[in-house]
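Novice: First, the structure itself, so that you have it in front of you.
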Amino acid sequence: MILTSLMRIALTRSLRPFVFDNVNDKQMALEGMDGLGLYVHIPFCRELCSFCPYCKVPYDVDLATSYKSALLKEIDLVGKGINGVRRATSLYFGGGTPALMAEDLPEIITRLKRYFEITGGVGVEIHPQDIDEVTLHRLRAAGVSMVSVGVQSFDKSCLASLGRTWEPLEDKLKLVSDQGFDVIDVDLIFALPGQTRDTLTSDINLAFQNGATQVSTYPFIDFTFARNAFQPISARAKRKMLRILHDQCKGNNLERTSVWTFAKKGTGKYSSVTRDYFLGFGVSATSLLKDTFKINTFSIEEYRKRVYEESLPTALTLRFTKRQRAVYFLFWSAYSLRIDPNRFESIIGIPMQEMFGFEFLLAEKLGFLRKDAAGYELTERAATLYHDIEQVYTRAYIDAMWSTLRLRAFPEKLTLS
Ligand code: SF4
């Protein structure tokens, strides 16, 4: 907490905390945003994993059908404020387990296309349990070009620590690979109890050997509201595991595409968070606009009520100061290991050098950044520091926000310092 507060104060040069209010804007202000990503949250899972912090409930076909109708309504509510058709660079379905609604995705995508021209790929998260030919064909027929498979680990005892049952996944991944998706991401968790250098490198190798074009690795984070039976390992041990992942991928000629992702060279990226602007639909979905950040209610019932009352289901809104918005941009750019000063200026409206000239010079001198023709690249040292900071940020901000929203559908206010 202290670290994130100090960082926030240093970079925003203000003692002002992040204050979210519940004033519900009538429309999303989408003007002047180039490079808009779309996200749709599907909050249903067959089983609820004990470690998982995301907004989800057990799958129920009737609930899913009524949720889809509400989603279409929310899309219309946002869409009616748009003049003509807006360009969107990508569409991601996350959850939960969106593949459980594979039959409904074409209708949702068609509705979005009334208001958005989707110029990039369509991505969907899928649980290994749901991989079969019928579901994969449905996804392909709906125009899905990228999938992210929530493997977490190929190792039996690592999966057991997460409360998951082991099954051989090689054939399932082969089935995914045969469908011709442009991007196949495999999600893995590292820093699990009992995980060794061998199990970790074997996880990475198995993912790529069985068709992954990208692997997203996440250090185990113990959310306060999760039901984990064990404590996270030390920060030092986590760093060591990240280093093993990095070295293994480098040795296999893979490219590091963000702090926690590695990919085959020349392949596309699966990433719903590294967008300059994004618009989220569904419960718990977030939107990042020119100068605001919004998050929808976590309650499916209240979400439905709100949209049928013709109101946006926003639970909390943060109205950024210019400096806060700049820090937000830099934080997520840094996650992708590159900072583009031109994008900074086009989003913030001020040259990056003018706002952060001293900080960038210092970071270069300390060996955290390398300057090149396209801007700045984070060094490996900076990536390791980011790995530490991101986990602190997750506990201080994301955990605090989600904890509040799990308890109250529309809190009056939230202050994160
Ligand atoms: S990890 Fe995936 S399948 Fe498990 S509860 Fe979370 S979203 Fe659902």
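Novice: Tell me which of Q248, F51, Q129 sits at the most positive position along the dipole axis of segment 20-263, charges placed on C-beta atoms (Lys, Arg +1; Asp, Glu -1).
Specialist: Q248
Novice: Rounded if a/c is under 1.5, else prolate if a/b beats b/c, else oblate: with a ≥ b ≥ c from the C-alpha gyration tensor eigenvalues square-rooted, which is segment 20-263?
Specialist: Prolate shape, in that a/c is at least 1.5 and a/b is the bigger ratio.
Novice: Do me a favour and compute the ellipsoid semi-axes for the chain from its Cα gyration tensor, root of five times each eigenvalue, largest one first, whole Å.
Specialist: Calculated on Cα positions only, the semi-axes equal 29, 29, 21 Å.
Novice: Of the peptides 305-318, 59-72, how do they stack up when ordered by the mean number of other Cβ atoms within 10 Å, highest first?
Specialist: 305-318, 59-72
Novice: Roughly how far apart, in whole Å, are the Cα centres of segment 70-118 and segment 350-401?
Specialist: If we compute the Cα centre of each part, the gap is 33 Å.
Novice: Karplus couplings for segment 343-360 from phi (6.51 cos²θ - 1.76 cosθ + 1.60, θ = phi - 60°), rounded to Hz, Gly and Pro as x?
Specialist: Calculated HN-Hα couplings, in order: 5, 4, 5, 5, 8, 8, x, 9, x, 4, 4, 5, 7, 10, x, 5, 4, 5 Hz.
Novice: Which length gain, in nm to one decimal place, applies between N228 and E380 when the Cα-Cα distance is subtracted from 0.36 nm times their residue separation?
Specialist: Gain on stretching N228 to E380: 51.6 nm.
Novice: Report the relative contact order of the chain, percent, no decimals, based on alpha-carbon pairs under 8 angstrom and at least 6 residues apart.
Specialist: Normalised by residue count, the contact order of the chain is 20 percent.
Novice: What does the charge count around K371 come to, taking other residues whose C-beta lies under 9 Å from its C-beta (Lys +1, Arg +1, Asp -1, Glu -1)?
Specialist: Net of charged neighbours comes to -2.
Novice: Can I ask one more? Excluding L30 itself, what net charge comes from residues whose Cβ is under 9 Å from its Cβ, given Lys and Arg +1 and Asp and Glu -1?
Specialist: So the environment of L30 carries a net charge of +1.
Novice: ³J(HN,Hα) across segment 238-247 via Karplus (A = 6.51, B = -1.76, C = 1.60, θ = phi - 60°), whole Hz, x for Gly/Pro?
Specialist: Running phi through 6.51 cos²θ - 1.76 cosθ + 1.60 with θ = phi - 60° gives 5, 4, 4, 5, 4, 5, 4, 4, 4, 5 Hz.
Novice: Testing the spin-label approximation: label points 7 Å from Cα along Cα→Cβ at K156 and T119. State their distance in nm.
Specialist: Modelled inter-label distance: 5.1 nm.
Novice: List the pairs from K73/K113; K56/K294; K174/K265; K290/K365; K80/K290 whose alpha-carbon separation is above 24 Å, in the order I gave them.
Specialist: In this structure, K290/K365 lie more than 24 Å apart at Cα.
Novice: Express in nm, to one decimal, how much length is gained between E133 and V57 on full extension, taking 0.36 nm for each residue of separation and deducting their alpha carbon distance.
Specialist: Roughly 24.8 nm would be gained on extension.
Novice: Between S311 and T415, how high is the FRET efficiency from 1/(1 + (r/R0)^6) when r is the Cβ-Cβ distance and R₀ = 41 Å? Nearest 0.05.
Specialist: Computed FRET efficiency for S311 and T415: 0.95.
Novice: What is the gain in length, in nm to one decimal, between Y397 and N83 on full extension, counting 0.36 nm per residue of separation less the C-alpha to C-alpha distance?
Specialist: Full-extension gain reported as 109.6 nm.
Novice: K322: which aspartates and glutamates have alpha carbons under 12 Å from its alpha carbon, excluding same-chain residues fewer than 8 sequence positions away?
Specialist: Once the sequence-local aspartates and glutamates are set aside, what remains near K322 is D291, E345.
A short reminder: the numbers here are calculations on the coordinates, not readings from a lab. On a predicted model such as this, the values are computed, not experimentally measured, just so you know. Here the Cβ is made from the backbone with ideal geometry for all residues, glycine too, and neighbour counts use every protein chain on show.
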